[in-house]
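Enquirer: Take this structure, written in structure tokens, and hold onto it; I'll ask about it next.
A short reminder: the numbers here are calculations on the coordinates, not readings from a lab. Given the structure is predicted, the values throughout are model-derived calculations rather than measurements. Note that we place each Cβ from the backbone using ideal geometry, even for glycine, and neighbour counts take in every protein chain shown.
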Amino acid sequence: MLFRLRMSIEDAIKAYTDVAKRVFSEKKWPHQQGTFKASLLEDAILCIIELQLNVEKNEANGVPMLDEEGPKW
């Protein structure tokens, strides 16, 4: 969030807190694999991208998550 979306530390902490609340608020049924729903995490990440980059939801889905041209640390 800090580098790819160029968020401030305060904004990244707030966004992470919001993601955690959304993702971990709803658990799967015991017979399903995993504990939490991946779709909630995906939706939360897309919401952050929408807000930070000022794009529509359908555009946020196409934003590259990895900057191939960026620095390699």
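Enquirer: As I understand it, the dipole of region 9-59 uses +1 on the Cβ of Lys and Arg and -1 on the Cβ of Asp and Glu, about the Cα centre. Which of 36, 23, 13 lies farthest toward its positive end?
Expert: The residue sitting farthest along the positive end of the dipole is 36.
Enquirer: Now for a different question. Using a Förster distance of 35 angstrom, determine the FRET efficiency expected from the C-beta separation of residue 9 and residue 55, and round it to 0.05. All intermediate terms of the calculation are to be shown ahead of the outcome.
Expert: Working: r = 23 Å, r/R0 = 0.65.
Efficiency computed from Cβ-Cβ geometry: 0.95.
Enquirer: Across every pair of different alpha-carbon atoms, what Kirkwood hydrodynamic radius in Å does region 9-59 reach?
Expert: On the way: mean 1/r = 0.0836 Å⁻¹.
With all distinct Cα pairs of region 9-59 included, I get 12.0 Å.
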